[in-house]
1. Within the stretch 95-121, which residues are of a type in the set (D, E) and open to solvent by less than 10 Å² (accessible area, probe 1.4 Å)?
2. Against the condition at pLDDT 95 or above, of a type in the set (K, R), more than 14 Å from the ligand (Cβ to nearest atom) and buried (at least 17 other Cβ atoms within 10 Å of the Cβ), how does R124 come out, does it pass?
3. In the set L301, L297, L343, L336, which member is touching a Ser or Thr at 6+ places or on another chain (Cβ under 9 Å) and within 12 Å of the ligand (Cβ to nearest atom)?
4. What residue, of D318, D324, D267, is surrounded by 21 or more Cβ atoms within 10 Å (Cβ to Cβ) and of a type in the set (D, E)?
5. Applying the selection to the stretch 14-42, what residues are outside any helix (DSSP H, G or I), under 22 Å from N128 (Cα atoms) and among the hydrophobic types (A, V, I, L, M, F, W, C)?
6. Starting from the stretch 251-277, take each residue that is more than 28 Å from I152 (Cβ to Cβ) and list its partners that are among the aromatic types (F, W, Y), counting only C-beta distances under 9 angstrom and pairs at least six apart or across chains.
7. Condition test on V227, is it in a helix (DSSP H, G or I), aliphatic (A, V, I, L, M) and crowded, with 16+ Cβ neighbours inside 10 Å?
8. Among the residues of the stretch 304-318, count how many are under 26 Å from F13 (Cα atoms) and near the ligand (Cβ under 10 Å from one of its atoms).
Amino acid sequence: MPDLYPLARLFLFALDAEKAHHVTLSMMRAADATGLLGCLTGSGATGSSAAPDPLHSGVEVMGLRFPNRVGLAAGLDKTGSAVHAFGEIGFGHVEIGTVTPRPQPGNPKPRLFRLKEHQAIINRMGFNNPGVEGMLVNLSYSRKDFRGILGINIGKNFDTPNEEATRDYLLGLEEVYGAADYITANLSSPNTKGLRDLQNAETCRELILKLQEKREEVKPDHGGKHVPLVIKIAPDLSDEAIGALAKVFSETRIDGVITTNTTISRDAVAGHPLANEAGGLSGAPLTKTSTAVLARLRSELDPAIPVIGSGGVMSAADAQAKLDAGAALVQVYTGLVYRGPRLVREIAALA
Ligand SMILES: Cc1cc2nc3c(=O)[nH]c(=O)nc-3n(C[C@H](O)[C@H](O)[C@H](O)COP(=O)(O)O)c2cc1C
């Protein structure tokens, strides 16, 4: 099957980046509804998305069975409206959100920029999302028979002051608990004022303890189901801050950590006409930094706690480097924009 993505990309890259995003999701949903998506993208799935590949026995992480090691990073399916479709193109797990308790429109447009020369994106979307309730409605249609692992990424509303942020995370956890296989608390988006301050070790410890307490409280309403809790951190942390967080994660026995979100650094794209756009930078310029943060955290973290590598996975070799640095799973966002579904298949084939 020829790779049709380079052709599709020509068309998509002629559009404004955010428009291209919506067109892509609409096309994926339409192709999925006809049952053709797996064939068109060459993943060959037949209506049983993320079905275990007979060549890949899957991998157990956080007590969950992942069909392969590659997942969709948060932010691409913010609304939870294309879960089955992403499973059809080969993702073993799909992380939807970030979702906030109340719907919010996000930042003014334009807020999404391609830096093609660097295979990179800058975004300052600002958690545009339909709110937890809206997302759960979308999910009731989009999940269908998705057999991969569903992560739900939660955050706080932009107008919730940091002192009250915990309330938003607890609300999010409570609302999505029944639907999620795992829940990620996003403490690292650069586009919500003050959010990354929640990565302060003591603040983070308190938040984790409260989330764990809430989990125990809601478990009986869900037949005792245990949903792993994951924290997503930024790449722009000092070694000391990573060390302090590793201690908190180990002591609280968090279930998993995602390294990393986008970076606010522009060193790797200095001089590019779009380099000074505010927001988070993702893609190839982030590969090395995020893998270094992963390795650093891994070296200080309790070995029993898995790390999920996100940031600049643009090739199977990049994914392998993250696995070699100690990641149990990897996630992709910007790589999918530049390389298309073939990248997913290449990573899914890794042992
Ligand atoms: C347009 C865009 C929106 C994003 N939105 C979110 C988000 O809502 N929540 C989140 O945790 N991460 C979000 N991310 C970060 C990605 O999940 C990922 O961690 C980051 O982009 C690094 O991976 P990549 O280089 O493969 O893109 C977003 C990234 C992009 C490019």
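The values are calculated or read from the model by the stated rules, or taken from the named source; none is laboratory data. Given the structure is predicted, the values throughout are model-derived calculations rather than measurements. Here the Cβ is made from the backbone with ideal geometry for all residues, glycine too, and neighbour counts use every protein chain on show. The accessibility values were calculated without ligands, DNA or RNA, using every heavy atom of the protein model including side chains. Shrake-Rupley method; radii C 1.70, N 1.55, O 1.52, S 1.80 Å.
1. Hit for the stretch 95-121 is E95, nothing else.
2. Answer is no for this residue.
3. L343
4. D318
5. Of everything in the stretch 14-42, just one residue is outside any helix (DSSP H, G or I), under 22 Å from N128 (Cα atoms) and among the hydrophobic types (A, V, I, L, M, F, W, C), namely L15.
6. Partner pairs satisfying both residue conditions: L274/F113; E277/F113.
7. In short, no.
8. Qualifying residue count, the stretch 304-318: 6.
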